[in-house]
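Here's the structure, in structure tokens; my notes come after.
The values are calculated or read from the model by the stated rules, or taken from the named source; none is laboratory data. The structure displayed is predicted, hence computed values, not measured ones. Cβ placement follows ideal geometry from the backbone for every residue including glycine, while neighbour counts extend to all protein chains displayed. When the accessible area is computed, the model is the full protein with side chains, heavy atoms only, and any ligands, DNA or RNA have been set aside. Shrake-Rupley method; radii C 1.70, N 1.55, O 1.52, S 1.80 Å.
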Amino acid sequence: QVQLVESGGGLVQAGGSLRLSCAASGSGFVFNAMVNTMGWYRQAPGKERELVAVVTTGGTTTYADSVKGRFTISRDNAKNTASLQMNSLKLEDTAVYYCVAQDRRGLARGWGQGTQVTVSS
């Protein structure tokens, strides 16, 4: 398992911005394989956890349609960190956001503790 520590999140008005960060602890060949992909999923009350955005070590990004053009994910491979810049936030972006590390097969190798993002009107 990969240990992930998240930071950021909070309360913001609609149209505002927030930035989430995630740091993975570890090193070595096995660790690097387990963090091939890093990113975020989110879960709103009463809903299933859903993909927000992920990025591979090679820089390939995947975004949910609902956040394209508003959210930007980035990664620092040397520091094993990933960041999610969220702009033009909407009420429907309110959720608990979880950082994830996935291996090359897409299997989750670690989850962050979750951070609350609340967008108010």
>> One residue is enough: does the range 25-36 have a residue meeting the conditions of a type in the set (Val, Ile, Thr), out of contact with any helix residue (DSSP H, G or I) (no Cβ under 8 Å at 6 or more places or on another chain) and buried (at least 21 other Cβ atoms within 10 Å of the Cβ)?
In response: yes
> Give me the pairs: first residue in the range 31-50 and within 15 Å of GLU6 (Cβ to Cβ), second residue open to solvent by 60 Å² or more (accessible area, probe 1.4 Å) and of a type in the set (D, E, K, R), beta-carbon distance under 6 Å, and six or more apart or on different chains, which are they?
Replying inline: TYR41/ARG49; GLN43/ARG49
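Name the residue that is farthest from THR81 (Cα to Cα), counting only residues in the range 110-121 that are open to solvent by less than 80 Å² (accessible area, probe 1.4 Å) and over 13 Å from the mean Cα position of the chain (by Cα). Full working, then the answer.
First, the residues of the range 110-121 that are open to solvent by less than 80 Å² (accessible area, probe 1.4 Å): 110, 112, 114-115, 117-120.
Remaining after also requiring over 13 Å from the mean Cα position of the chain (by Cα): 118-120.
Working: THR118: 23, VAL119: 25, SER120: 28 Å.
Only one residue tops the list, namely SER120.
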> Filtering the range 37-54 down to residues that are modelled with pLDDT of 95 or more, touching a strand residue (DSSP E or B) at 6+ places or on another chain (Cβ under 9 Å) and part of a loop (DSSP other than H, G, I, E, B), which residue is surrounded by the fewest Cβ atoms within 10 Å (Cβ to Cβ)?
Replying inline: LYS47
> Among the residues of the range 74-113, how many are farther than 14 Å from ALA24 by Cα and assigned to a loop (DSSP other than H, G, I, E, B)?
Replying inline: 9
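Output the residue which, of all residues in the range 94-109 that are touching a helix residue (DSSP H, G or I) at 6+ places or on another chain (Cβ under 7 Å) and over 15 Å from LEU51 (Cβ atoms), is least open to solvent (accessible area, probe 1.4 Å). Before you say what the answer is, go through the steps one by one.
Taking the range 94-109 and keeping what is touching a helix residue (DSSP H, G or I) at 6+ places or on another chain (Cβ under 7 Å), we get 101, 103-104, 109.
Adding the requirement that they be over 15 Å from LEU51 (Cβ atoms) leaves 103-104, 109.
On the way: ASP103: 12, ARG104: 168, ARG109: 76 Å².
So, considering only residues that are touching a helix residue (DSSP H, G or I) at 6+ places or on another chain (Cβ under 7 Å) and over 15 Å from LEU51 (Cβ atoms), the one least open to solvent (accessible area, probe 1.4 Å) is ASP103.
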> Among the residues of the range 57-81, which ones are acidic (Asp, Glu) and either under 23 Å from THR118 (Cβ atoms) or open to solvent by 60 Å² or more (accessible area, probe 1.4 Å) (or both)?
Replying inline: ASP65
>> Please go through the range 55-73 and give me each residue that is assigned to a loop (DSSP other than H, G, I, E, B) and of a type in the set (A, V, I, L, M, F, W, C), ordered by number.
In response: ALA64
> Just one of LEU91, LEU20, LEU4, LEU84 is open to solvent by 60 Å² or more (accessible area, probe 1.4 Å) and in contact (Cβ under 8 Å) with a residue 40 or more places away in the chain; which is it?
Replying inline: LEU91
